[in-house]
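These notes are about the structure you will find just below.
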Amino acid sequence: MTKEVYVFEVQDLSYRYPGQVNGLKNVNCCIPEGKRTVIMGQNGAGKSTLLWTLTGVLRPHQGRVLFQEKPLDYSKPGLTYLRSRVGLVMQNPDTQVFCPTVYQDVAYGPTNSGLLKHEIEDRVKWALQAVGASHLVERPVPFLSFGEKQKVALAGVLAMRPSVILLDEPASGLDAAGVESLFSELDRLHSQGVTLVMTTHDIDLAWSWADYFIIMDRGTTVWEGDFSELSQDPHLLFEFGLKPPVVTVVHESLLKIGFIPPSLPRPRHIRDLISALETEPPSKKVREWIASRP
Amino acid sequence: MLDDYAWNNALRRWHPLERLSITAGGMLVTLISHRPAVAFSVFLVFSALIVGAARVKLKDFLYMLSWPVAFLAIGIIAIVISYNPGIPCVLSVETFGLTWGITWEGVQTAHQLSARVLSMVSAMYFLCLTTPIVELTSALKTLRMPDIISDIMYIMYRGIYLLSETVEQTVRAQTLRLGYSDWKRSCSSFGYLVTFAWVDAIHRSRENTTAMLVRGLNCTLPDLAISTKLSPARLLLVCFVSAAAIVIAGMV
């Protein structure tokens, strides 16, 4: 049995904002390497604050963060190394995309990493292609739409080739097509070995995507575990002020009225439920219902 | 921090005109008297009011005071140190045929200037730390200040906060992409920061104007009613004390 490797370990972490506002209180959690982790919670639960402490932007008042099994080094070389390995896509791309053109913005990180000119050009080309924004390369940044800025912000982080990408509410402000496009890019990155960590309060999105869950409430972690553990009792989410995903509610309702057999595995996405319904032989109740229709 | 204290200080229940009167009285005392001791006393009085009466934390007040004091220190150096061949100095050094030295006149000027600056700064901090900007502009309007001036004051005040928020978030984003990892990159990143902050400020101001227009802006910003009641007794007491202080300062 392989031992779980954690890219981040948070031990008894506390952070207080100026004015004595508690951001984090005795947080303990681990982020597994190579998995898609989601940090969930209501607004004000401390999700973004946790991400900021993982990148070394906020220094905790108590506790520590281990990165690759070593405590975070807050010296300049230490933070430079951390930020070359860990990228953060902020919630608001308006302040993350700040250079005059898209090319300059995506090239910003690789330039600061000390790469040669041709290497920078290759990285920019690759990063924009990865997010489907190659056509924006010469566009001035102020003329980008919100969704385009989101893609450019992600490309800017990707261009540094981090092994871990933290995303703060990446789906906020995007339409359904934008969300699908973004997450297909993220899944492609994940298949290449990148560890992804996302914060969200959208349970449906998290349910359909994440391998590992960390649930936060009022500045502290209240639950963490694999999807397989959470899927056994999704109603656990009620205890933390969250609602179970729509797909499990529909699944349980159909199960209750006998429309689907108990042998059907818990679906992650509504389309999994639909395709299971289409492929499973109809139950007796369904056959009776179909027969009763004119 | 400034805004937090303005809304949550111990003198919050006082009418803004009362606080404005105290501030104006203190500033007039400083202007009329030429004695550094008087100005320094005004500084001590306002510091006591800020920390004792308004209950602003001493640590926070000293931090806020450190910025103007730093600017003052830089200015004082230029005043205290003179260069002139052959002038009598308290302390001097001669290089390249010039005498660089600290003169007694320079020390006296610096002494008077620093006392006055500290006094005025503490008076303004008293007003800023105890009075939210919306109440201050409403109070100024009741004193018949032209609407355009109070509106510009409010918009500039708000603009500073928006700009500092943009700058803070952009610096974070730059830092996360190693933008300040050495001197050369810091200079380049600072250039991007200034350009971006400027452009963003223009965009935001246009958006603000649109937001105000669609909600029926009609030449001036609406005047918000002041929630605190004016206490005539307290206002009279403040005016009497200020007047007495001004007279004494003029005589001393």
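Just the residues that are within 10 Å of chain A (Cβ to nearest Cβ) and among the small types (G, A, S), please, taken from segment B:159-176.
Correct list: B:A173 only.
Can you tell me which residue within segment B:1-16, out of those that are assigned to a helix (DSSP H, G or I) and buried (at least 18 other Cβ atoms within 10 Å of the Cβ), is farthest from the other protein chains (Cβ to nearest Cβ)?
B:P16
Here is a yes/no grid of residues against (1) in contact with a Pro (Cβ under 8 Å, 6 or more places away or on another chain); (2) at pLDDT 85 or above; (3) surrounded by 13 or more Cβ atoms within 10 Å (Cβ to Cβ); (4) farther than 30 Å from A:E4 by Cα:
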site: A:L237; (1), (2), (3), (4): yes, no, yes, no
site: A:G241; (1), (2), (3), (4): no, no, yes, no
site: A:L254; (1), (2), (3), (4): no, no, yes, yes
site: A:P267; (1), (2), (3), (4): no, no, yes, no
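Taking segment A:171-208 on its own, how many of its residues are touching a His at 6+ places or on another chain (Cβ under 9 Å) and farther than 17 Å from A:Q42 by Cα?
2
B:W100 versus (1) buried (at least 17 other Cβ atoms within 10 Å of the Cβ); (2) part of a strand (DSSP E or B): which is the lone unmet condition?
Of everything listed in (1) buried (at least 17 other Cβ atoms within 10 Å of the Cβ); (2) part of a strand (DSSP E or B), B:W100 misses just condition (1).
Go through (1) surrounded by fewer than 18 Cβ atoms within 10 Å (Cβ to Cβ); (2) acidic (D, E); (3) closer than 30 Å to A:G132 by Cβ one by one and return the number of the condition A:E69 breaks.
Single failed check for A:E69: (3).
Find all pairs meeting these conditions: Cβ atoms under 7 angstrom apart; at least six residues apart or on different chains; first residue within segment B:177-196 and farther than 13 Å from A:A107 by Cβ and more than 9 Å from every other protein chain (Cβ to nearest Cβ); second residue of a type outside the set (D, E, K, R) and in a loop (DSSP other than H, G, I, E, B).
B:S186/B:Y180
Considering each of B:T166, B:T220, B:T228 in turn, give the residue that is among the β-branched types (V, I, T) and either modelled with pLDDT of 80 or more or within 19 Å of A:T95 (Cβ to Cβ) (or both).
B:T166
If A:A155 passes every condition in (1) more than 14 Å from chain B (Cβ to nearest Cβ); (2) buried (at least 23 other Cβ atoms within 10 Å of the Cβ); (3) outside any strand (DSSP E or B) but one, which one does it miss?
(1)
Are there helices (runs of 4 or more DSSP H) fully within segment A:25-136 with at least 3 residues that are facing chain B (nearest Cβ under 9 Å)? List them.
A:76-85, A:93-96, A:102-112
The values are calculated or read from the model by the stated rules, or taken from the named source; none is laboratory data. Predicted, not measured: the structure shown is a model, and the values here were computed from it. Glycine also receives a Cβ, built like all others from the backbone with ideal geometry; neighbour counts cover every protein chain displayed.
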